[in-house]
1. Mind listing whichever residues of region 57-107 are under 22 Å from residue 23 (Cα atoms) and touching a Ser or Thr at 6+ places or on another chain (Cβ under 6 Å)?
2. Would you check which residues across region 96-117 are assigned to a helix (DSSP H, G or I) and buried (at least 24 other Cβ atoms within 10 Å of the Cβ) and list them?
3. Output the residue which, of all residues in region 222-234 that are surrounded by fewer than 22 Cβ atoms within 10 Å (Cβ to Cβ) and not in a loop (DSSP other than H, G, I, E, B), is nearest to the chain's Cα centre (by Cα).
4. Are there helices (runs of 4 or more DSSP H) fully within region 154-216 with at least 1 residues that are polar (S, T, N, Q) and either more than 18 Å from the chain's Cα centre (by Cα) or at pLDDT below 95 (or both)? List them.
5. Starting from region 118-132, take each residue that is surrounded by fewer than 24 Cβ atoms within 10 Å (Cβ to Cβ) and list its partners that are modelled with pLDDT of 95 or more and among the aromatic types (Phe, Trp, Tyr), counting only C-beta distances under 8 angstrom and pairs at least six apart or across chains.
6. Go over the candidates 93, 84, 46 one by one and state the one that is touching a Cys at 6+ places or on another chain (Cβ under 8 Å), in a helix (DSSP H, G or I) and either β-branched (Val, Ile, Thr) or modelled with pLDDT under 95 (or both).
7. Taking region 18-35 as the region of interest, how many residues are in a strand (DSSP E or B) and small (Gly, Ala, Ser)?
8. For residues that are modelled with pLDDT under 95 and of a type in the set (Lys, Arg), tally how many sit in region 49-78.
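The values are calculated or read from the model by the stated rules, or taken from the named source; none is laboratory data. Fair warning: this is a prediction, and the values are worked out from it, not measured in the lab. Cβ: placed from backbone, ideal geometry, glycine included. Neighbour counts: every protein chain shown.
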Amino acid sequence: MMSEASARSKPKTVRGNAPCLAWIEPESPIKAVILCVHGLGLHNGTYEAFGKEMKDRGFAVYAIDVRGFGSWMEARGREKVDFTSCLEDVRSTLKVIHRAHPEKPVFILGESMGGAIALRATALYPDLVDGLISSVPAGDRFNQKKTSLKVALHLINDPDKPFNVGEGVVKQATQKEELREAWLNDPLARLNLSARELLQFDRFMKGNKKSASKIRSKPVLIVQGCKDKLVKPEGTVELFNKLATSDRKIVLIPGAEHLIFEEAQFSDRDIDTVSAWLNDHIGTNQANDPS
């Protein structure tokens, strides 16, 4: 299921397994493992730069495709958004990771929709997750009423017919023309979704606060870009305040837009922040373990 990733490589979809990429340094000891979950419209390959950077810092990094995106688009009968199956994919992948890296702590990291999925997975499977990093996970979005009206009209006319929502998302997500161009022309990105799929997405995102309240003991790092024009920063702060765990931290990044860990949008300082937080939560004995 897991293979060493190459630039924009296309993982094979295996029946019963989520398409997965891996960034691992086989000759160096592994401190901990990170499982990454991508945002709406994107795919696991968007974590390539992050995976390589964290691999060089002693972490094994995996990234899966969410149902309906990436390689799932070619899986007949599984090409539509399905959060129930996605969560089961996350659970199965976490189990495989634990078998592949016994006694190593496993953290889950997600961005945007992926941040919400990672949040939900941590609440549902605490025995499989040692800590959570959730970037811009809030469901409170700018221009939400306009989007909801468009979805409602398509829901009435043809709920299962995909229509282009990606251009609007990309335009809000970044002001960088080069990033917009790369995103819109990425063959693994999915920009057309049906009203029924978007309604499922909206319902899932609305469950974020309930999920946060169920995380009572796991360490959580929440990250939010202050220049995000897609997700409202105050929504992420509100979600952070719903976390039941006392081991929680929020980092507001002044110059960051919507994407932070995907598409190489992170700065050296962002990576240092994540690495330091992870090292603090690995445990002194684990961090010094040469095995």
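1. Listed by number, the residues that qualify are 57, 64, 65, 67, 71.
2. 113, 114, 115, 116, 117
3. 233
4. Helices (runs of 4 or more DSSP H) meeting the threshold: 166-173, 195-206, 208-213.
5. 129/107; 130/107; 131/107
6. Checking each option against the conditions leaves just 93.
7. Qualifying residue count, region 18-35: 2.
8. 3
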